[in-house]
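Step one of this worksheet: look at the structure below.
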Amino acid sequence: MKPKIWLVTIGSAILSLSSVNAAEPMSLKELSLKELPQKEQPLQEQPKSVQVVKQFIQGFNNHSVEQLLQQTTENVHWFNLSGAKMEIETASQNELAAAMTDYFASLNDAKATLRQIIVSANYVSTVEEVTWSHDGDQSSQCSLGVYQLNGDKISAVWYYPSHACDEAPWIEVAAPEIVQPEIGLLKETRQ
């Protein structure tokens, strides 16, 4: 299997959408300066799904296939998406181990950073940046990743095509709509 630049990073920006009350779209830079806490939550206070993804990324940064596998199910699937095409890169821990061993052998200084994280049920969506050097030149690229968790293990990962990282990604943040209960408004109907 030919190694690809897989983006496996997340570590710097957690969006607490519940604490944001924004009527207008704003850039991540504006958002981080105005609304988000300056200090990242300790790992143990973050949702378990985020902890698992961050531990997976830490395994990537340590180039430890064993650490990566500790965060996955036995039948973990890795998908690469490109336009209307989806490729299955791996369908088991053994295949993931072989692919990552090849990857780390070809890019022995690759490191990942999580630029954004969004959690929805058992899915963790990320913007990940991977950096590496080749012939003395430093390179980087970003990708969107979606991790599906089964309990506290990653069961599937979808990666979208890599691209140049945005300097300050734009995010539209809207306050969640809260619907008030209609207590006392129900009427009895008889036929």
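With labels modelled as points extended 7 Å from the Cα through the Cβ direction, what inter-label distance (nm, one decimal) is found for Asp135 paired with Lys153?
Once both label points are built, they end up 4.3 nm from each other.
Work out how much length Asn62 to Ala105 would gain on full extension: take 0.36 nm times their residue separation and subtract the Cα-Cα distance, in nm to one decimal. Don't jump to the answer; show the numbers that get you there.
Values: separation 43, 0.36 × 43 = 15.48 nm, distance 1.29 nm.
Here the segment from Asn62 to Ala105 would lengthen by 14.2 nm.
Give the separation of the Cα centroids, the stretch 100-116 to the stretch 43-74, in Å.
Rounded to whole Å, the Cα centres lie 14 Å apart.
Can you compute 3J(HN,Hα) from phi for each residue in the stretch 88-102, using the Karplus curve 6.51 cos²θ - 1.76 cosθ + 1.60 with θ = phi - 60°, rounded to whole Hz and x for Gly and Pro?
8, 7, 9, 9, 6, 4, 4, 5, 4, 4, 5, 5, 6, 4, 4
Does the stretch 88-139 classify as rounded, prolate or oblate by the C-alpha gyration tensor (a ≥ b ≥ c root eigenvalues; a/c under 1.5 gives rounded; else a/b over b/c gives prolate, otherwise oblate)?
Details: a/c = 3.79, a/b = 1.23, b/c = 3.09.
Since a/c reaches 1.5 but b/c is at least a/b, the shape of the stretch 88-139 is classed as oblate.
Counting only protein chains, not ligands or nucleic acids, how are Val146, Val50 ordered by accessible area (probe 1.4 Å), most first? Could the numbers behind the result be given before it?
On the way: Val146 35, Val50 5 Å².
The most accessible residue leads, giving Val146, Val50.
The values are calculated or read from the model by the stated rules, or taken from the named source; none is laboratory data. Here the structure is a predicted model, which means the values were calculated and not measured. Virtual Cβ from ideal backbone geometry, glycine too; neighbours counted across all protein chains shown. Only protein heavy atoms, including side chains, enter the accessible area calculation; ligands, DNA and RNA are left aside. Shrake-Rupley method; radii C 1.70, N 1.55, O 1.52, S 1.80 Å.
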